[in-house]
Amino acid sequence: EVIAAGVVPRLVQLLQCFDNHMLIFEAAWALTNVASGTSEHARVVIDYGAVPVFVKLVAHPSSEVQEQSMWALGNIAGDSCRCRDLVLSYNALSTLVEQASLPGASITCLRNAVWTISNLCRGKRPPRWELVSPALPMLVHWMQSCDDEEVITDCCWALSYISDPSERVQPIIDAGALPQLIHLLGHASTVVQAPALRAVGNAAAGTAAQTQTVLACNVISKLQGLLRSSKKDLRKESCWIISNLTAGSAEQVGAVWGAGLLPPLIEMVGTEEYEIKKEAAYCIVNAICNACSAGLIFDAVQLGALAQLCALLDLPDTALIVATLEAIEAILRVGEQPLSEQAPNRFAALMDECGGVDKLEELQVHCNTGVYQKATAILESFFGAEDQQEDALIAPVATPAGFRFGMQP
């Protein structure tokens, strides 16, 4: 109704009555409400030239006007990547950082500024690095020095946004953000833990050196508690980080194993709902395929890993099935190491007991070439002798009376 009445251009004019801060504040409040509606509503506010005026008002002497202008810019930037980029093009981020960094800035000003900055860093299509990177030092500073939960939370969200894609992880590490982000994984509030975990996860999914940096910051001790979190998303993302650690070097796998993380992860594969089960499964699969010793695989099997892996072969996820088959193959290969020359594979019988062999046979008709080839290769490599023996028992045998079946020659 406000838009239809033609009030928006007049409100934008009133924003520029710089000598009447109450009038500016009321106009800014009204425009903020309009911009927080649909994308079409935000576009109307943009088209009438409100954005550069709001950016200018962020530095207004009135704290009320400052904070309302920040809020308006945050709403506009949060509407879409296009709107976000428009706000950034008017140098809004630097202005926000400057005002929030002033010695006399109130906690409300800081909250609004950091929330708006986080919206300026957000989006499926990342903003240009040179437009958001100037905020990095202050985001780290506020995260480390401020004890306000809202400020800490939005700093963590902003860092999680600007550390994605992976080529942007190193600047976050160089800025010294990781130790505090990992410390915050132990925060009392899950609202803080969630964005901190996302940012740490982005770093763990980077290069081998970046993953090692995450590990060196004592992340494992925090993940132990998060695996038992009541929040599903926290359990899932914790598994995601661990799967990146176990996808690394043998030493990284050993660190995860030594901290006692594999037992709860094996349990989670059997008890969690699909999305978490899948992430936990990759933790186990990666750990087995990159194991630093046969002893780790023996321990994993004793904890029930082989049975849980066999249960995964029924899932409708081709990539996970292939990865699981590779882990099963690694287990059976270790089981081939005989205690004596006559000893059978120590894990083949267990595989059969938990229905794994039947599932491998079923996978021989899987629609994916990689799946049925891997399943067939495992059957031929580790269960072929048994098949040959069965074939001999049912093979036709020549006798004077003709061919008979089921006889030893």
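If I filter the stretch 336-348 for residues that are out of contact with any helix residue (DSSP H, G or I) (no Cβ under 8 Å at 6 or more places or on another chain), outside any helix (DSSP H, G or I) and either of a type in the set (D, E) or closer than 25 Å to G254 by Cβ (or both), do I get at least one hit? Taking every residue of the stretch 336-348 in turn, at least one turns out to be out of contact with any helix residue (DSSP H, G or I) (no Cβ under 8 Å at 6 or more places or on another chain), outside any helix (DSSP H, G or I) and either of a type in the set (D, E) or closer than 25 Å to G254 by Cβ (or both). For the stretch 312-322, the criterion of being touching a Ser or Thr at 6+ places or on another chain (Cβ under 6 Å), part of a helix (DSSP H, G or I) and closer than 22 Å to V269 by Cα is satisfied by at least one residue. When residues in the stretch 327-336 are screened for being surrounded by fewer than 16 Cβ atoms within 10 Å (Cβ to Cβ) and either modelled with pLDDT of 95 or more or under 14 Å from I284 (Cα atoms) (or both), 0 of them pass. Put simply, of I276, I288 the only residue that is under 19 Å from L197 (Cβ atoms) and in the same structural domain as D358 (by TED's automatic domain parsing) is I276. Exactly one residue out of A199, A194, A208, A203 is modelled with pLDDT of 95 or more and surrounded by fewer than 23 Cβ atoms within 10 Å (Cβ to Cβ): that is A194. Going residue by residue through the stretch 383-406, is there one that turns out to be within 23 Å of V285 (Cα to Cα) and either assigned to a loop (DSSP other than H, G, I, E, B) or at pLDDT below 95 (or both)? Yes, the conditions are met somewhere in the stretch 383-406. Per the listing E237, E251, E272, the residue uniquely of a type in the set (D, E), in contact (Cβ under 8 Å) with a residue 12 or more places away in the chain and out of contact with any helix residue (DSSP H, G or I) (no Cβ under 8 Å at 6 or more places or on another chain) is E251.
The values are calculated or read from the model by the stated rules, or taken from the named source; none is laboratory data. A quick note: this is a predicted structure, and the numbers were derived from the prediction, not measured. Counting neighbours? That spans all protein chains shown, and the Cβs are built from the backbone with ideal geometry, glycine included.
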